[in-house]
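The values are calculated or read from the model by the stated rules, or taken from the named source; none is laboratory data. These numbers come from a predicted model, not from an experiment. Ideal geometry is used to build each Cβ from the backbone, glycine not excepted, and the neighbour counts take in all protein chains shown. SASA here: full protein model, heavy atoms, side chains in, ligands and nucleic acids out. Shrake-Rupley method; radii C 1.70, N 1.55, O 1.52, S 1.80 Å.
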Amino acid sequence: MRFPRTPYTVTYMKDGVKHSIRRQPPPKLHEMEVEDEVRLTRGKNDDFKAGETLTVKGISPRQPNVLHLVNEDGLSTFVDYYDVKLETMKGARNGVDVLDMPINNRYLLWP
């Protein structure tokens, strides 16, 4: 999935005056995609503990470094990319079969 960095305009009201600002999404700093499995490195609460494996449900184009995660119970949360570690690549990649990626073939990796 490609995340464009085209600027957009945000309009808001402050003290009864309408303001408009121009924003640009930050660059994507990770290689996770939708449907990938990730492991939490830092727990959020009792429902999302450190070491738990979750699935990436979505990534917002305006905030590509915040991941929407869901666990096997159906509970979901939002986490920064640096609080998770990629475990299994299941999501679609550009022109690459995910089964051929080294992270999905751990038995082929030598110590």
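The largest accessible area among R2, R93 belongs to the first residue in R2, R93, and the rest follow in falling order (1.4 Å probe, all chains). Working from label points 7 Å from Cα in the Cα-to-Cβ sense, the R39 to S60 distance is 2.9 nm. Taking other residues whose beta carbon is less than 12 angstrom from the beta carbon of D47, and scoring Lys, Arg as +1 and Asp, Glu as -1, yields -2. A 1.4 Å probe, protein heavy atoms only, puts the accessible area of T41 near 80 Å².
Relative contact order of the range 1-76: 24 percent, from C-alpha pairs under 8 Å at least 6 residues apart in sequence. For the listed residue pairs K28/K90; K44/K90; K14/K85, the alpha carbons are over 30 angstrom apart in K14/K85.
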